[in-house]
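Any read-out appearing in this document is the output of simple, stated calculations on the displayed coordinates, not a laboratory observation. Note that this is a predicted model, so its numbers are computed, not measured. Note: ideal-geometry Cβ built from the backbone for every residue, glycine included; neighbour counts use all protein chains shown.
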Amino acid sequence: LAELPDKDSVLVVPERVAKGQGTFLLTASTEAVLLSGDDSLACVTGALDQVLEPVFGKGLRVRHADVPLDGALNISCDAAMPADGYRLEITPGRAEIVAGSAAGAFYAVQTLRQLIPAAAYGAANVRAVELPVVTIEDKPCLGYRGMMLDVCRHFFTVDEVKEALDIMALHKLNVFHWHLTDDQGWRIEIKKYPKLTEVGSVRSRTLIGRDPGGEYDETCRYDETPHGGFYTQDEIREVVAYAAERYITVIPEIEMPGHSLAALTAYPWLGCTNGDESYEIAGWICGPGNVLCPGKESTFEFLENVLDEVVALFPSKLIHIGGDECQHTRWEACPDCQARIAAEGLRDETQLQSYLTHRIDSYLASKGRQLIGWDEIMEGGLSPGAVIMSWRGTQGGIAAAREHHHVVMTPGQYLYFDKRGTDSPDEPVSLNLSLPLEKIYGYDPAEGLSEEEQQYLLGVQANLWTEFVATGKRVEYQLLPRIYALSEIAWSPVARKSWEEFSRQRLPAYLARLDAEGAAYQVPQPHGIREETLEGGCFRFTIRPPFPGCRVYYTLNGATPYDFDREVPGELEVIVPRGEQRVLKCVAVTPAGRRSMVVTTRMGNPGE
Ligand code: ACM
Ligand code: ZN
């Protein structure tokens, strides 16, 4: 089998790597030996099967033993190691995984997978693969390593959700935030309120074309085709179990009190207008009528009944209640809401939302659970047990940590994976904001937090909203290779990260592996490495290929570049005279022949 030039170059850089001489031959008849007496390692053998079945056509035979055996892949736990940490030691005689927990052993197996040459996947009749002699020790720097998938703007089947979980597992992420209810659809079966899915899971139409920009845009065009889907409680349990086998916790999100148009369409009495208002599930962003009425006890009864079924389905300690982007105009005109404000001595509608959050917080606490919500839930007073998910930048998370609340950082400017990867007009229709890989990679979740405050940082999460993402394959495209950068943020301390090394050494090997697997992914854009204004007002711009082996063709006349256009050499320097405007367009072509997006960069120094 062809070997990668440097096999361990495809890993998230571990804490310690010691390379040795020689190889260990892993074959279809190598045994997996479990050294712990308990059953906690059972899932790890499932993970081994997932890694090795595609190579050998079958998994390894598993046996138990008291001491490591030569010629075998030995797996054991050592409680003295950090829980998610592991050591993977390959010697010519045997392979050994020692981990702080079964989860740690699972991550070691994911690392092992990356030591297997990419060519082994997809090749027929592989009998043996050579693993390099190496010792790798690693542990994640953050305990919460999350990804959110919005299944409301578009519905994804159980199989598509499982594929997303597989991608998470490969990248050693451990929290799946499942955004299950919103204005565009209610996706979880609730037995007590069947209309939530009978009525609330189907909308009549969906926006087509690009992000129109404004909230409500009369020029929006719709497909006039119903879109829907929901998960039965059995399917929810199936996904939760599938995730658990990959050491992933599933946090459900039930949005309240805003983003509730699907619930209101099913049960209009949940709103401020006593059922008089007629609601319709949104095919795009909707107006302020998407809020539940916190003035009525019946609303709380509904929410508690829904949460009862939710907590029975999800073992996660954290339960997400949304709380974002709730407009309060309906409450201003609602006698019940105003009566509640008066009776509870609340200052205004913002405190009314806080009142709802506090009540739900107490309710969840009474069930042994903990509330997590978007950073808006801080407004009007933080609820005692609440965990904050900071999405409107990092300020909310920083403020919450200062008040000794736990936080998950998921700032929009770094970790919203629904954004475009490049400036290209050739990108699939996306949210009209761009987020290059380099920006994601450079994010430090501890930024702005003192050492003392960092103890409240649970971790990081990327969010994939799906207004413009309609298929499972497109989910893959939005996630890859971005989730690799996320994984590195979550696993590696800042001191160990290097964009230069990541993008020029490990990323190409990683993308080659995606090529071998036939995965959909965003080819990173060419780097702009220097932009500076020179003396005399000229402007200099330097660009280079995203990684070695990638060819970049460019034009300066606004035309889309083809392979016959001029090629960017190692580096291309463009000088724009003072007062002039130029457009540089580049197209990157990877060694596998994948074309990257065209990047359009407007340059120019207006002079003066
Ligand atoms: C959000 O992006 N509205 C949480
Ligand atoms: Zn009301």
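Derived from the Cα gyration tensor, the three semi-axes of the equivalent ellipsoid of region 465-608 are 30, 19, 16 Å, largest first. In angstrom, the C-alpha Rg and Dmax of region 236-317 are 15.3, 47. With a Förster radius of 35 Å applied to the beta-carbon distance between D223 and E571, the computed FRET efficiency rounds to 0.20.
Given the alpha-carbon gyration tensor of region 122-224, what are the semi-axes of its equivalent ellipsoid in whole angstrom, ordered largest first, with each equal to the square root of 5 times an eigenvalue?
Details: eigenvalues 311, 70, 59 Å².
They are 39, 19, 17 Å, listed largest first.
In region 99-148 the Cα-Cα distances spread across 10 Å bins starting at 0 as 19, 41, 28, 11 percent of all pairs.
Assign one of three labels to region 55-202, namely rounded, prolate or oblate, based on the Cα gyration tensor with a ≥ b ≥ c the square roots of its eigenvalues; rounded applies when a/c is under 1.5, prolate when it is not and a/b is larger than b/c, and oblate otherwise. It is prolate, given that a/c is not under 1.5 and a/b is the larger ratio.
Among Y562, Y242, Y414, rank each residue by its count of other Cβ atoms within 10 Å, from fewest to most, as a rough exposure measure.
On the way: Y562 9, Y242 18, Y414 24.
Ordered by Cβ neighbours within 10 Å, fewest first: Y562, Y242, Y414.
Modelled label positions at S278 and E301, each set 7 Å beyond Cα in the direction of Cβ, lie 2.7 nm from each other. Sequentially through region 484-495, phi angles give Karplus couplings (6.51, -1.76, 1.60; θ = phi - 60°) of 5, 5, 4, 4, 5, 4, 7, 9, 9, x, 3, 4 Hz, Gly and Pro residues having no value and appearing as x.
List the GluC sites (Glu not before Pro) within region 194-248 that fall in a DSSP loop (any state other than H, G, I, E or B) and whose Cβ has at most 11 other Cβ atoms within 10 Å. Show your work: numbers first, answer last.
Values: sites: E198, E215, E218, E224, E235, E238, E245; in loops: E215, E218, E224.
Loop-located and lightly packed - E215, E218, E224.
Relative contact order for the chain using alpha-carbon pairs under 8 Å, separation at least 6, rounded to a whole percent? RCO, the chain: 11 percent. Dimensions of region 59-141 from C-alpha coordinates, computed as largest minus smallest value along each principal axis and given longest first, are 40, 31, 21 Å.
Coupling constants for region 174-186 follow from the phi torsions by the Karplus curve (6.51 cos²θ - 1.76 cosθ + 1.60, θ = phi - 60°), and in residue order they are 9, 9, 10, 8, 9, 7, 9, 9, 6, 5, 9, x, 10 Hz; glycine and proline get x. Debye-formula intensities of region 160-291, expressed as log10 I(q)/I(0) at q = 0.12, 0.13, 0.20, 0.22 Å⁻¹, are -0.55, -0.64, -1.14, -1.22 (one equal scatterer per alpha-carbon, no solvent).
Report the rotationally averaged projected area of region 140-179 based on its alpha-carbon convex hull, in square nanometres. The partial results should precede the final answer.
Working: hull surface 11.1 nm².
Over all viewing directions, region 140-179 projects a mean Cα-hull area of 2.8 nm².
Please grab the % of Cα pairs in region 186-249 that end up more than 14 Å from each other. Tail of P(r) above 14 Å: 68 percent of Cα pairs.
Taking only C-alpha pairs under 8 Å that are 6+ residues apart, what is the relative contact order of region 25-140 in percent? If you can, show how the numbers build up before the last one.
Working: 244 pairs, mean separation 35.3, N = 116.
Reported as a whole number, the value is 30 percent.
Of the two radii for region 426-528, the radius of gyration is 0.99 times the Kirkwood radius, both from the alpha carbons; that is the Rg over Rh value.
When the alpha-carbon atoms of region 421-486 are used, the pair Rg, Dmax equals 14.7, 46 angstrom.
Length gained on full extension, K19 to H404, computed as 0.36 nm times the residue gap minus the Cα-Cα distance: 134.3 nm. Report the percentage of all Cα-Cα pairs in region 361-421 whose separation exceeds 15 Å, rounded to a whole percent. In whole percent, the share of Cα-Cα pairs in region 361-421 beyond 15 Å is 49.
In summary, region 284-329 shows an alpha-carbon radius of gyration equal to 1.39 times the 2.2 N^0.38 Å reference for compact globular proteins. Diagonalising the gyration tensor over the Cα atoms of region 370-497 and scaling each eigenvalue by 5 before taking the square root yields semi-axes of 28, 17, 11 Å, largest first. When cysteine pairs in the chain are screened for C-beta atoms closer than 4.7 angstrom, the residues that find no partner are C43, C77, C141, C152, C220, C286, C326, C538, C550, C586.
How do V408, V494 rank when sorted from fewest to most other Cβ atoms within 10 Å of their own Cβ?
Working: V408 28, V494 13.
Starting with the residue having the fewest Cβ neighbours, the order is V494, V408.
Rg and Dmax, both from the Cα atoms of region 323-437 and both in Å, are 17.6, 56.
Across region 157-267, the relative contact order, built from alpha-carbon pairs under 8 Å that are at least six residues apart, equals 42 percent. For region 5-104, the C-alpha radius of gyration divided by 2.2 N^0.38 Å, with N the number of residues, is 1.07. Per-residue Cβ neighbour counts within 10 Å put I167, I388 in the sequence I167, I388, beginning with the fewest.
Both radii come from the Cα set of region 410-453: Rg as radius of gyration, Rh as Kirkwood radius; their ratio Rg/Rh reads 1.12. Classify the chain as rounded, prolate or oblate from the Cα gyration tensor: take a ≥ b ≥ c as the square roots of its eigenvalues, call it rounded if a/c is under 1.5, otherwise prolate when a/b beats b/c and oblate if not. Here the chain falls in the oblate category.
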